[in-house]
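All remarks here apply to the structure that follows.
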Amino acid sequence: MSKQILILPGDGIGPEIMAEAVKVLEVANSKFNLGFELSFDDLGGAAYDRYGVPLADETLDRARAADAVLLGAVGGPKWDTIDPALRPERGLLKIRSELGLFGNLRPAILYPQLAQASTLKPEVVSGLDILIVRELTGGIYFGKPRERTTLENGERMAYDTLPYSESEVRRIAKVGFDMAMVRNKKLCSVDKANVLASSQLWREVVEEVAKDYPEVELSHMYVDNAAMQLVRAPKQFDVIVTDNMFGDILSDQASMLTGSIGMLPSASLDVNNKGMYEPCHGSAPDIAGQGIANPLATILSVSMMLRYSFAQVAAADAIEQAVSQVLDQGLRTGDIQSEGCRKVGTVEMGDAVVAALKNL
Ligand code: NAI
Ligand code: MG
């Protein structure tokens, strides 16, 4: 039976990088007989311009019906002056929460060819391969009550709420342990249990889930220490599982250990491993339309899609191998450019991955 893939290029550099990822996906589709059918729609600024909303109901229905969603990026100054409720980023938050994509996987892998691209010392980051599992649909970003108000004395005040239920913690903890099982059986749960009640529950539930995974070596770390350790000695980690806000911050931090955000893919999964796949970076309005954006994060997101939503391990591995070969050939977009390498644009980089994949 054919599988439906919904492609949402978005805006900014989104359409440019997605065009390359789609070429790669199409080659993988025929080479590995995946039986994928691709369809396209708009999200973010592109959707606002076309439908007047950043996520149209029909698009959401199509995303629900699809077996997986591949997303470019959204947002930019063009939409800064519109109603904040209609901003491109709102479409992104809405599709994540409507699809129940609670499990966000953000690998930070340093390709050996790019060791010079990191701002950290080579011995600190060489061989780095960690995975941050971030809870994506709960916690302080969604907690109620949240309010901005004015006190009787006229002082402005605002508050947010950080709620986690047992079931929310349990399901993301399981994702963390499952990932640890297929990697190096080492999991670090990051919280702030010395201060926050939600973190105390988090730690308790993670310990309970751990009983089902006796082979996994579990540790706990407070988030402030984790931030420090990620920069001091990132290779001590293998899989990190953490809440929505801590994961947001730590995963951006981890991404920069690898040199360029233009290299980093992500997966956001629901309870059935149905997912949405996108690069970690945004729509890069500063370079949009110039044909110079790095398409590799989006191409690697295709690989994650094959791995996590469709268990097509050979095809997923092949795409990663093709990317590695292109880096071996010395091809670099501007963000990962270094001396002695050949600078290429978005399309040339995509073509090179396509050629490498065909030849594997
Ligand atoms: P950004 O990730 O778009 O860009 C940050 C810097 O990285 C820029 O200098 C950009 O040129 C560079 N960059 C990003 N991706 C690149 C690539 N593939 N190749 C080469 N260079 C690349 O973050 P920024 O500038 O903070 O946000 C721009 C817009 O994107 C905002 O509207 C923001 O809200 C939105 N955004 C959207 C996300 C998404 O769609 N998932 C995620 C993050 C931001
Ligand atoms: Mg973020």
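For the stretch 307-320, name all the residues that are under 14 Å from Leu105 (Cα atoms), in a helix (DSSP H, G or I) and of a type outside the set (Lys, Arg).
The first filter runs over the stretch 307-320 and keeps only residues under 14 Å from Leu105 (Cα atoms), leaving 307-309.
Right, trim to in a helix (DSSP H, G or I) and you get 307-308.
Answer for the stretch 307-320, where residues must be under 14 Å from Leu105 (Cα atoms), in a helix (DSSP H, G or I) and of a type outside the set (Lys, Arg): just Tyr308.
Residues to consider are Arg90, Arg62; find the one that is at pLDDT below 95 and surrounded by fewer than 22 Cβ atoms within 10 Å (Cβ to Cβ).
Values: Arg62 fails: at pLDDT below 95.
Just one listed residue meets the conditions, Arg90.
Do any residues in the stretch 1-15 that are within 15 Å of Thr346 (Cα to Cα) and assigned by TED's automatic domain parsing to the domain that holds Asp286 have Cβ atoms under 7 Å from those of residues that are surrounded by 22 or more Cβ atoms within 10 Å (Cβ to Cβ) and not small (Gly, Ala, Ser), where the two are at least six apart or on different chains, and which pairs are they?
These pairs meet every condition: Pro9/Met18; Gly14/Val74; Pro15/Pro9.
Pick from the stretch 48-88 the residues that are among the small types (Gly, Ala, Ser) and part of a helix (DSSP H, G or I): which of them is nearest to Ser266 (Cα to Cα)? Show your work before the answer.
Quick first cut of the stretch 48-88, residues among the small types (Gly, Ala, Ser) only: 52, 56, 63, 65-66, 68, 72-73, 75-76, 85.
In the following step, the residues that additionally are part of a helix (DSSP H, G or I) were identified as 63, 65, 85.
Details: Ala63: 17, Ala65: 21, Ala85: 25 Å.
Ranking the candidates gives Ala63 first.
Hey, any hits in the stretch 281-288 for a residue that's crowded, with 17+ Cβ neighbours inside 10 Å, farther than 19 Å from Leu101 by Cβ and within 16 Å of ligand 2 (Cβ to nearest atom)?
Yes, the stretch 281-288 contains at least one residue that is crowded, with 17+ Cβ neighbours inside 10 Å, farther than 19 Å from Leu101 by Cβ and within 16 Å of ligand 2 (Cβ to nearest atom).
Within the stretch 94-112, can you find the residues that are assigned to a helix (DSSP H, G or I) and of a type outside the set (D, E, K, R)? Reasoning before the result, please.
Pass one, the stretch 94-112, residues assigned to a helix (DSSP H, G or I): 94-98, 112.
Across the stretch 94-112, the qualifying residues are Ile95, Ser97, Pro112.
Among the residues of the stretch 113-141, count how many are surrounded by fewer than 17 Cβ atoms within 10 Å (Cβ to Cβ) and either of a type in the set (Asp, Glu) or part of a loop (DSSP other than H, G, I, E, B) (or both).
6
Quick one: would you say Gly91 is of a type outside the set (D, E, K, R), assigned to a loop (DSSP other than H, G, I, E, B) and either more than 16 Å from ligand 1 (Cβ to nearest atom) or closer than 29 Å to Ile240 by Cα (or both)? Show your work before the answer.
Values: of a type outside the set (D, E, K, R): yes; assigned to a loop (DSSP other than H, G, I, E, B): no; either more than 16 Å from ligand 1 (Cβ to nearest atom) or closer than 29 Å to Ile240 by Cα (or both): yes.
No.
Select, from Ile130, Ile109, Ile140, Ile95, the only residue that is closer than 23 Å to Ser251 by Cα, in contact with a Phe, Trp or Tyr (Cβ under 6 Å, 6 or more places away or on another chain) and of a type in the set (A, V, I, L, M, F, W, C). Please lay out each step first, then the result.
Working: Ile109 fails: in contact with a Phe, Trp or Tyr (Cβ under 6 Å, 6 or more places away or on another chain); Ile140 fails: in contact with a Phe, Trp or Tyr (Cβ under 6 Å, 6 or more places away or on another chain); Ile95 fails: in contact with a Phe, Trp or Tyr (Cβ under 6 Å, 6 or more places away or on another chain).
It is Ile130.
Just for helices (runs of 4 or more DSSP H) wholly inside the stretch 192-274: which have at least 3 residues that are among the hydroxyl-bearing types (Ser, Thr, Tyr) and surrounded by fewer than 16 Cβ atoms within 10 Å (Cβ to Cβ)?
Working: elements: 197-210, 223-232, 244-255.
Ranges flagged: none.
If you scan the stretch 212-235, which residues turn out to be in contact with a Leu (Cβ under 9 Å, 6 or more places away or on another chain) and either over 22 Å from Leu162 (Cβ atoms) or among the β-branched types (Val, Ile, Thr) (or both)? Break it down stepwise before answering.
Filtering the stretch 212-235 for residues in contact with a Leu (Cβ under 9 Å, 6 or more places away or on another chain) gives 213, 216-219, 223, 226-227, 230-231, 234-235.
Matches in the stretch 212-235: Tyr213, Val216, Glu217, Leu218, Ser219, Val223, Val231, Pro234, Lys235.
Of all residues in the stretch 1-22, which are outside any strand (DSSP E or B), away from ligand 1 (no atom under 15 Å from the Cβ) and buried (at least 18 other Cβ atoms within 10 Å of the Cβ)? Walk me through it before giving the result.
First pass over the stretch 1-22, keeping only residues outside any strand (DSSP E or B): 1-2, 11-22.
Okay, now just the ones that are also away from ligand 1 (no atom under 15 Å from the Cβ), so 1-2, 22.
The one that is outside any strand (DSSP E or B), away from ligand 1 (no atom under 15 Å from the Cβ) and buried (at least 18 other Cβ atoms within 10 Å of the Cβ): Val22.
Among the residues of the stretch 172-191, how many are surrounded by fewer than 19 Cβ atoms within 10 Å (Cβ to Cβ) and either aliphatic (A, V, I, L, M) or not in a loop (DSSP other than H, G, I, E, B) (or both)? Break it down stepwise before answering.
Going residue by residue through the stretch 172-191, those that are surrounded by fewer than 19 Cβ atoms within 10 Å (Cβ to Cβ) are 174, 178, 181-186.
Among the residues that remain, those that are also either aliphatic (A, V, I, L, M) or not in a loop (DSSP other than H, G, I, E, B) (or both) are: 174, 178, 181-182, 186.
Looking only at that region, the number is 5.
The values are calculated or read from the model by the stated rules, or taken from the named source; none is laboratory data. Quick caveat: nothing in here was measured; it's all calculated off a predicted structure. Cβ coordinates were reconstructed from backbone atoms using ideal geometry, including for glycine residues, and neighbour counts include every protein chain displayed.
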